[in-house]
Amino acid sequence: MACMKIKSLIGSSFVLVVALSAAKLHAQGFIGYIQNTINPEDMVVVNKTHWVIASTDKTPSKKKPGYLYLINSLSGKAELVNAKIAPIPTAGDPSCKPIVMSDLAMSGLAMRNETDGANQLIAVNRGKRMSVEFFNVDLSGSKPALTWSGCVVMPAKAFPNAVVPIGQDGLAMTISFETDNTQLIEQLEKKENTGYLLEWTKRKGFTRVPNSELPLNNGLKISPDGKFYYIAGWGGETLLRLPTASGSGKPLLVNIGVKPDNLSWSSTGKLIVAGQIQSAAKIFSCVASDKDICPVPFKIIEVDPTNLTTLRVLVDGVKMDTYAAATTGLEVDNEMWVSSFRNNKIARYRLK
C-alpha cells in the first residue's frame with residue numbers, strides 16, 4: 001500500500017490510502033433472478049426473517065410508482081408494498097405531513113430494531129419531496145405489513161442518498177450534491193467534492209458532519225459500536241472511514257478502483273461494496289434516459305472495515321455476463337443478491 005497526506009481534500013489530518021489491485025476473485029455460481037423488480041436500487045433484510053425489502057426508483061418518462069418491493073427469499077417472489085398511512089406521524093419530525101405512496105421515489109434503505117422488538121424501516125425518498133420516510137414493520141402476520149409513521153424533510157437543495165439510524169431516534173444521511181449545482185458532471189470528472197454527511201435528531205435538527213465532504217457521497221454504514229461512519233465517495237472511487245462523535249482517530253480515505261454505491265454488512269462483519277466501472281458522464285446519461293437496462297460494468301467487493309483493504313472480489317460484473325449497473329450487494333442466507341439502479345430484476349449468486 002502507498003500512503004500520502006492530501007491537504008487539498010479535507011485537511012492535513014486526512015490520510016489517503018491507495019489500495020493495490022491484488023484482491024483475489026472469489027468465484028461464485030450464478031443462480032438466477034428475482035423477477036419483476038423494476039430499478040431495485042437498495043435492499044435490506046427484515047431483521048431475523050426470510051423477507052427482503054428493496055427500494056425502487058422511477059424511470060424518466062415511464063409511469064410507474066417508485067416505492068418498495070417485498071421479497072420472499074424462500075420463494076424468490078417479489079410484490080409491491082401497499083403500506084398503510086398513519087394519519088398522525090409518530091416518528092421523525094412531528095410537523096411531517098402524510099404522503100401518497102405513489103408520490104414516492106425510493107433510494108437508500110436501513111432497518112432500526114427497537115429495544116421493544118419492534119422494527120422500523122427507514123427509507124430515502126426523492127419523489128415529490130426530498131425526505132427520509134419511516135415505516136413501522138409488523139411481523140405478526142404471514143408477511144411483513146408496513147405502515148408509514150413519519151418523515152424528516154431535507155434542507156433546501158439537499159439531494160439525499162443513503163441513511164443509517166443513530167441513537168434512539170436520530171439519523172445520518174449522505175447528501176450527494178445540492179440540486180442547484182450546474183457543474184456536477186464536470187466536478188465529478190475532476191473528482192471534486194460535491195456532497196457531505198448530515199446528522200438529524202429531534203433535539204438538534206440538522207448538523208453537517210465535519211470532514212465528510214466527498215465527490216458525490218453515496219452509500220453509508222455505521223460500525224456496530226457506533227464509533228465510525230463508512231461513506232462511499234462515488235465520484236472519487238473512494239471509501240471514507242470517519243470517526244463519529246463517540247469515535248477517535250483520523251479519517252481514513254482509500255481508493256478502491258470502482259465507483260462505490262451502496263454498502264452492506266456481511267455475516268462476518270466485513271463491508272460489502274457495490275461499485276460501477278464507467279465514467280460519471282456515461283452513467284448519468286443512462287440514469288437520465290428511459291432505458292430498461294443500463295450497460296454499466298461493476299464489481300461487488302468485500303472490504304476490511306478496519307483498514308478498508310479490499311479482501312476479495314465477490315462478483316465480477318466487468319463483462320456483464322449476467323447483470324449490469326449494480327448498486328447493492330446483499331448477503332441473503334448463503335447467497336449474494338445484487339440490485340441495480342436501472343434493471344428489471346435482481347441477480348442471485350451462490351456464496352462459496
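The values are calculated or read from the model by the stated rules, or taken from the named source; none is laboratory data. What you are looking at is a predicted structure, and each value in this text was computed from that prediction instead of being measured. Cβ coordinates were reconstructed from backbone atoms using ideal geometry, including for glycine residues, and neighbour counts include every protein chain displayed. Note: accessible area is taken over every heavy atom of the protein model, side chains too, but ligands, DNA and RNA are not part of it. Shrake-Rupley method; radii C 1.70, N 1.55, O 1.52, S 1.80 Å.
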Failed criterion for residue 67 (all others in (1) touching a Leu at 6+ places or on another chain (Cβ under 9 Å); (2) among the hydroxyl-bearing types (Ser, Thr, Tyr); (3) crowded, with 19+ Cβ neighbours inside 10 Å; (4) modelled with pLDDT of 85 or more hold): (4)
Pair list, Cβ < 7 Å and 6+ apart or interchain, from segment 156-170 residues that are more than 12 Å from residue 130 (Cβ to Cβ) and open to solvent by 40 Å² or more (accessible area, probe 1.4 Å) to residues that are of a type outside the set (Gly, Ala, Ser) and assigned to a strand (DSSP E or B): 167/201; 169/201
Test for residue 150: is it in contact with a strand residue (DSSP E or B) (Cβ under 7 Å, 6 or more places away or on another chain) and under 20 Å from residue 280 (Cα atoms): no
Pick out the one residue from 319, 291 that is without any contact (Cβ under 8 Å) to a residue 24 or more places away in the chain and within 28 Å of residue 186 (Cα to Cα). 319
Given the conditions (1) open to solvent by less than 10 Å² (accessible area, probe 1.4 Å); (2) touching a Leu at 6+ places or on another chain (Cβ under 9 Å); (3) in a strand (DSSP E or B), and given that residue 308 satisfies all but one, which numbered condition is not satisfied? (3)
Screening 104, 109, 146 for residues that are open to solvent by less than 30 Å² (accessible area, probe 1.4 Å) and free of Cβ contacts under 8 Å to residues at least 40 places away in the same chain leaves only 104
Considering only segment 193-206, how many residues are touching a Gly at 6+ places or on another chain (Cβ under 8 Å), crowded, with 18+ Cβ neighbours inside 10 Å and farther than 15 Å from residue 229 by Cα? 1
Need pairs with beta-carbon distance below 9 Å; first residue under 16 Å from residue 216 (Cα atoms) and within segment 238-253, second in a strand (DSSP E or B) and among the basic types (Lys, Arg); sequence gap 6+ or separate chains. 253/241
Scan of segment 336-352 for residues that are open to solvent by 10 Å² or more (accessible area, probe 1.4 Å) and within 19 Å of the chain's Cα centre (by Cα), ordered by number: 341, 344, 345, 348
Being open to solvent by 30 Å² or more (accessible area, probe 1.4 Å), touching a Ser or Thr at 6+ places or on another chain (Cβ under 7 Å) and under 24 Å from residue 231 (Cβ atoms): is that true of residue 331 here? yes
Which ones in segment 26-41 are open to solvent by less than 10 Å² (accessible area, probe 1.4 Å) and closer than 12 Å to residue 68 by Cα? 37, 39, 40
State all residues of segment 318-352 that are part of a strand (DSSP E or B) and more than 17 Å from residue 37 (Cβ to Cβ); if no residue qualifies, say none. 331, 350
